[in-house]
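The values are calculated or read from the model by the stated rules, or taken from the named source; none is laboratory data. Worth saying up front: this structure is predicted, and the values here are computed from it rather than measured. For neighbour counting, all protein chains shown are included, and Cβ atoms are generated from backbone atoms with ideal geometry for every residue, glycine included. Each accessible area value is taken on the protein alone, full model and side chains, heavy atoms only, with ligands, DNA and RNA left out. Shrake-Rupley method; radii C 1.70, N 1.55, O 1.52, S 1.80 Å.
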Amino acid sequence: MKNFDLNDTLKLSFSVRRNIILLKEKKIPFLIVRDTVTKMKYIKFKTKFFDSNEILVVKIPYNLIAKLFGFKDINLITLEEDKFNYYSDNSFDRIQQIIQRKYGNPAYCDGTDQHLIFNIGELRLIHSIYEFRMGVYRHQVQISKDKNRFFKPTNYNVFVEMKLFVLEYLPKNMKLTFFYFDNRNLSFIFENETEGFQCRQNNKSLELIPFEIIKTKEQEGRTLISHKPISKNSIKLEASSFEDSKVVIKEYFSRINII
């Protein structure tokens, strides 16, 4: 049976029965509740996260299959997100610092720096924040014994190297507002309040498009934002490799930064 050290008091397993016995032995209060969205039952309790003073809410499946055969995932969320059911400001960075203090840098990611994967022996720890409804974000830490053989994650060091490369050519007075790289595809956006650049690269082509940001007011006073592509300085060409794309990106933004 695979176990996971959540802190110096709790060594959780993937067995419902063993975890309940452990919680009772440690005199840790827990509840069996039903999720309002999924309608699934789970065991819920609070405990410290690793060697920090951060308290997280632990959620363990409590359905018939889990009780009979065990389960594959343990989920953890912050107190704020458990109470209000939405992402709390800075919680991702706060929790990530605790994880990296214990395990160092992640081994993999999913093409962004908001879905990070740590290999811990036979287990996998995934720290992620993602949008599950329009404008509503879910932030969680998931400890899993199931390594999806069909999912091919991106080497995190390669991801960081590519992001640093892109940042090197960030135009003056702009910021990087989107970045994605998964070894096969690269996308990023540079922008400020009035203009920006979008880059899209896959295994067949590279496209760089400048755009104008247009803001208008509705009668109700709401601000509408639209992006108008600018044909001047746009490029689209075949790219046989990332090395070819990097040369084009470097030359393009080096020229833009001089203008």
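Of K11, K83, which residue is open to solvent by 20 Å² or more (accessible area, probe 1.4 Å) and under 23 Å from Y130 (Cα atoms)?
When all the criteria are applied, what remains is K83.
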* To do: Could you name every one of the strands (runs of 3 or more DSSP E) located completely within the stretch 1-62 that has at least 2 residues being at pLDDT 90 or above?
  => 11-13, 31-34, 41-48, 55-61
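For every residue, the table says whether it meets (1) in contact with a Lys or Arg (Cβ under 6 Å, 6 or more places away or on another chain); (2) in contact (Cβ under 8 Å) with a residue 60 or more places away in the chain; (3) open to solvent by less than 40 Å² (accessible area, probe 1.4 Å).
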position: Y42; (1), (2), (3): yes, no, yes
position: S52; (1), (2), (3): no, no, yes
position: V57; (1), (2), (3): yes, no, yes
position: L79; (1), (2), (3): no, no, no
position: I98; (1), (2), (3): no, no, yes
position: G104; (1), (2), (3): no, no, yes
position: D110; (1), (2), (3): no, yes, no
position: Q114; (1), (2), (3): no, no, no
position: N119; (1), (2), (3): no, no, no
* List the number of the failed condition for E243; all other conditions in (1) open to solvent by 50 Å² or more (accessible area, probe 1.4 Å); (2) of a type outside the set (F, W, Y); (3) over 20 Å from R184 (Cβ atoms) hold. => (3)
* Structure fact -> If we ask which residues in the stretch 59-74 are of a type outside the set (V, I, T) and open to solvent by 60 Å² or more (accessible area, probe 1.4 Å), their number turns out to be 5
* Given the conditions (1) closer than 27 Å to V247 by Cβ; (2) touching a strand residue (DSSP E or B) at 6+ places or on another chain (Cβ under 8 Å); (3) at pLDDT below 95, report the number of the one that F188 does not fulfil. => (3)
* Asked: Which one of the conditions (1) assigned to a strand (DSSP E or B); (2) over 19 Å from the mean Cα position of the chain (by Cα) does I129 fail to meet, given that it meets all the rest?
  -> (2)
* Say we look at the stretch 186-222 and pick out the residues that are of a type outside the set (D, E, K, R) and in contact with a His (Cβ under 9 Å, 6 or more places away or on another chain); which of these is surrounded by the most Cβ atoms within 10 Å (Cβ to Cβ)? -> G196
* Asked: Considering the stretch 175-208 alone, what residues qualify as being of a type in the set (A, V, I, L, M, F, W, C) and out of contact with any Gly (no Cβ under 7 Å at 6 or more places or on another chain)?
  -> L176, F178, F179, L186, F188, F197, C199, L206, L208
* **Filter result (open to solvent by less than 50 Å² (accessible area, probe 1.4 Å) and part of a strand (DSSP E or B)) within the stretch 144-185** => S144, T154, L176, F179, F181
